[in-house]
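What follows is calculated from the coordinates using simple rules that are stated; it is not laboratory data. Values in this document were obtained by computation on a predicted structure and should not be read as measured data. Counting neighbours? That spans all protein chains shown, and the Cβs are built from the backbone with ideal geometry, glycine included.
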2 protein chains.
Amino acid sequence: MNIEVQDTAAAARTLRASTRSGRTLRTPCFAPVATGGALKGVLTTDLPDHAFDLLLSNTYHLLLRPGLDVIESLGGLHRILDWDGAILTDSGGFQVFSLSGTRTIDNEGVSFRNHIDGGLLRMTPESVIDAQERFGSDIAMVLDVCPALPATKAELTHAVDTSLAWARRSAAARTREDMDVFGIVQGGFDTELRQRSALATVELGFDGYAIGGLSVGETAAEMYLGIEATVPFLPEDRLRYLMGVGRPDNIVEAVSRGVDLFDCVLPTRNARNGKLLTRAGFLNIKRAEYRLDDQPVDAECTCPACTRYSRGLLRHLYKSRELNYYHLATLHNLWYMADLMRDIRAAISTGGFDDLRAEVCRRYAETEPV
Amino acid sequence: MNIEVQDTAAAARTLRASTRSGRTLRTPCFAPVATGGALKGVLTTDLPDHAFDLLLSNTYHLLLRPGLDVIESLGGLHRILDWDGAILTDSGGFQVFSLSGTRTIDNEGVSFRNHIDGGLLRMTPESVIDAQERFGSDIAMVLDVCPALPATKAELTHAVDTSLAWARRSAAARTREDMDVFGIVQGGFDTELRQRSALATVELGFDGYAIGGLSVGETAAEMYLGIEATVPFLPEDRLRYLMGVGRPDNIVEAVSRGVDLFDCVLPTRNARNGKLLTRAGFLNIKRAEYRLDDQPVDAECTCPACTRYSRGLLRHLYKSRELNYYHLATLHNLWYMADLMRDIRAAISTGGFDDLRAEVCRRYAETEPV
């Protein structure tokens, strides 16, 4: 992956990255999550033009359904997602540790019962790289061990050591020149472990680095500590990816600490639950006060939900569980995220990033504390 | 409503109708159903341009949710549906008789417990016309009594007589010059009752006439008998509307008997259940044979599902219950209906309607008997 620095504002930076496959990412970049081969409720052709450079899809879910043979028969993951931009696939590590009731980690890999039909599956560093190469992913993640927090020092150390051994094997398993592979730094909030994990992972020479093991239930302050304990040990000329983050205030804070790349189900999942993202913070469309409200959700937003539908109408569609509600609300939240990331990039380039960061944090803390 | 005959092919006819509100219907016309103020899974802005002239929405559902005050506060039914074409609202009669467990018909109207929270509601011919005027409907239906079939002669006679009395009161209740009101003919398959109901309803002078009380579980042959027992007694210069029909083969058969207008949940509901409408008849997307099938659902269809997605991918999205499946499948079935109605109109005008009718009946009978 080739990186071109556009501008910086203290630690915050805006880059133009080119994947080995020839696709472009403008950072800071947010990747919507298309879990099982689809954005939930929105076709890629419904997204605003050039708003997103990257989608994330989940290796674990894709292997279960539709399965590798279907993906290959139907032309690969870009065809499945109907998406010509870049695709990042995670390694499945996080899902194995969060969704599987029973799992066994050995030195070779992890065996687990899947959450759909309880069937036994096995993932190894090599099988996960192979799957992502066969998907046709632009950016692949290595299989890592992602412990639940809080964890003991011994648990964190074991996760770091196993993740490093697997990262080495992942690097060796690569066969495609046109797929970027990112390493993942573990270590919880332990600054010493974070540093060791970061330096040793960077030593292996990946195309980018994820700050893993965060956004698993810790406080925002703890998450920021984990970022601060990692970023200084990552190279300037590689993307830094904070996995599973999401909230607008968390994003601007992480950007201010040098993070380039994000993914999260928050905008799409929150939309389905009635929680809309606006320039004034969270708006809960369920509330009775919106029943007769003819105003748009966010007057500055240009999405179809805001330009053609009112709060009262969206509330009605939500209460009636109309499919169109999920579509419109998801579109809106994604539109908001696209605007936010565009505004962040512009503010880093032209000044005013600190003001934008303060405004976003204030609005989101007012409407719901982190 | 003003009617201009374009062409005829035996009893089949293609008309251009102008509503009192100034909107145009090209017939034979199919109205998709937007039950509670929304097409399920498809925004009106997603529909192919100029494919549909008319949407149907349900007075019963709209009165329950979002309610008349919300509809009025949010700018009326055209704003709710985000639709500038014509809107027909039914009277709620059918839902009162099909959805309510307990109901009491008296001479004045009908009292019933609604199917959502069991609350007591009352509808009278006058209240139903008033509601539709306040919705801003282009075409309103009178409140009628729609008995379940089979019914005794006494039940059918009572339904015809009560419906006639209510139709007279509905006509007297009109206050808006810019809303068309259609009468509804009842009488089951009893030719004598159908004739009496038709002649007496026409005597009241409505803007159009519905053939009511059909598509309630009878065979196709019985439905065609009901149509044949009604159409000869309806005026040439008024639209003839077969309520609740739906299947492509039923539509071409009804058109051949002089019907102009249709509505049905079939294309949208079938889509959600995995049953797709194609030029080769029904296609059940659930079937295992489509698992690796990279072909489109219908190679002649130009909808987004057929031009951008494969059978295998739609099957995956269906099996995963992805929201996008419902959207794509619904779009496809509506696209098919739009193409079918366009082809019917063209065939009546330029010849070949009998061939089209035979082909549609053969394909749909082969894939599923009526």
### Task
Please work out the C-alpha center-to-center distance from region A:58-77 to region B:276-344 and express it in whole Å.
20
### Task
Place a +1 charge on the Cβ of each Lys and Arg in the protein assembly as shown and a -1 charge on the Cβ of each Asp and Glu, then give the dipole magnitude about the Cα centre in debye, rounded to the nearest 20.
980
### Task
In nm, give the distance between the simple-model label positions of B:T302 and B:L204, each being 7 Å from the Cα along the Cα-to-Cβ direction.
4.3
### Query
Suppose every K and R has +1 on its Cβ and every D and E has -1 on its Cβ; what is the size of the dipole of region B:279-370 about the Cα centre, in Debye to the nearest 20?
380
### Message
Please report, for B:P235, the nm distances (one decimal) from its label point, 7 Å out from Cα along the beta-carbon direction, to the equivalent points in the remaining copies, shortest first.
### Response
8.4
#### Entry: Options B:T27, B:G75, A:T350, ranked by Cα towards positive dipole end of the protein assembly as shown, top entry (Cβ charges)
B:G75
### Message
Sort A:20-31, A:214-225 by packing, meaning the average of other beta carbons within 10 Å per residue, with the highest value first.
### Response
A:20-31, A:214-225
### Summary
Among B:C301, B:V360, B:L314, the residue whose Cα sits farthest towards the positive end of the charge dipole of region B:271-367 (+1 at Cβ of Lys and Arg, -1 at Cβ of Asp and Glu, taken about the Cα centre) is B:L314
### Task
Return the FRET efficiency for the residue pair B:E222, A:A280: r is the Cβ-Cβ distance, R0 is 60 Å, and the value is rounded to the nearest 0.05.
0.55
### log10 of Debye I(q)/I(0), alpha-carbon scatterers only, for region B:62-106 at 0.14, 0.15, 0.27 Å⁻¹
-0.46, -0.51, -1.01
## Note on the structure
Here Rg/Rh (Cα, Kirkwood) for the protein assembly as shown equals 1.06
### Query
What percent does the relative contact order of chain B come to when contacts are Cα pairs within less than 8 Å and at least six residues apart?
17
### Query
Straight-line reach from B:K319: which lysines have Cα under 20 Å away, leaving out those fewer than 8 places along the same chain?
A:K40, B:K40, B:K275, B:K286
### Summary
Projected onto the charge dipole of region B:2-264 (unit charges on the beta-carbon of Lys, Arg, Asp and Glu, signs +1, +1, -1, -1), the Cα from B:L242, B:L55, B:S215 with the largest positive-side position is that of B:S215
#### Entry: Mean Cβ count within 10 Å, highest first, over the residues of peptides A:185-198, B:4-17
A:185-198, B:4-17
## Note on the structure
Karplus ³J(HN,Hα) for region A:235-241 (6.51 cos²θ - 1.76 cosθ + 1.60, θ = phi - 60°; Hz, whole; x = Gly/Pro) runs x, 4, 9, 10, 5, 10, 10
### Message
I'd like the orientation of helix B:323-350 relative to chain B: the angle between its Cα long axis and the longest Cα principal axis, in ° from 0 to 90, rounded to 10.
### Response
70
### Query
Using a basic spin-label model with each label point 7 Å from the Cα along Cα→Cβ, how many nm lie between B:R65 and B:E177?
3.9
### Query
Hey, got the dipole for chain A? About the Cα centre, +1 on K and R Cβ, -1 on D and E Cβ, debye to the nearest 20?
980
### Query
Taking N as the number of residues in region B:89-168, what is its Cα Rg relative to 2.2 N^0.38 Å?
1.09
#### Entry: Radius of gyration and Dmax over the Cα atoms of region A:2-264, both given in Å
17.1, 49
#### Entry: Paramagnetic label zone (point 7 Å from Cα along Cα-to-C-beta, B:R269; backbone N under 12 Å) in region B:208-250
B:215-217, B:244-247
### Query
How much mean residue ellipticity at 222 nm does the protein assembly as shown get from its helices, if each DSSP H run of length 4 or more adds -39500 (n - 2.57) and you divide by all residues, to the nearest 500 deg cm²/dmol?
-12500 deg cm²/dmol
#### Entry: Burial ranking of peptide ranges A:119-129, B:279-289 (average Cβ count within 10 Å, highest at the top)
A:119-129, B:279-289
### Message
How would region A:1-157 be classified by its alpha-carbon gyration tensor: rounded, prolate or oblate, with rounded meaning a/c under 1.5 and the a/b versus b/c comparison settling the rest?
### Response
oblate
### Query
FRET efficiency for B:T350 and A:K153, Cβ-Cβ distance as r, R0 = 60 Å, nearest 0.05?
0.15
### Query
What number in nm² do you get for region B:271-367 if you take the convex hull of its Cα atoms and divide its surface by four?
5.9
### Extension reserve of the B:T24-B:A51 stretch, reckoned as 0.36 nm per residue once the Cα distance is removed
8.5 nm
### Task
List the distances, in nm to one decimal, from the label point of B:G351 to the label points of the same position in every other copy, shortest first, placing each label point 7 Å from Cα along the Cα-to-Cβ direction.
7.7
### Pseudo-label separations to other copies for B:E300 - Cα-to-Cβ vector, 7 Å, nm
5.2
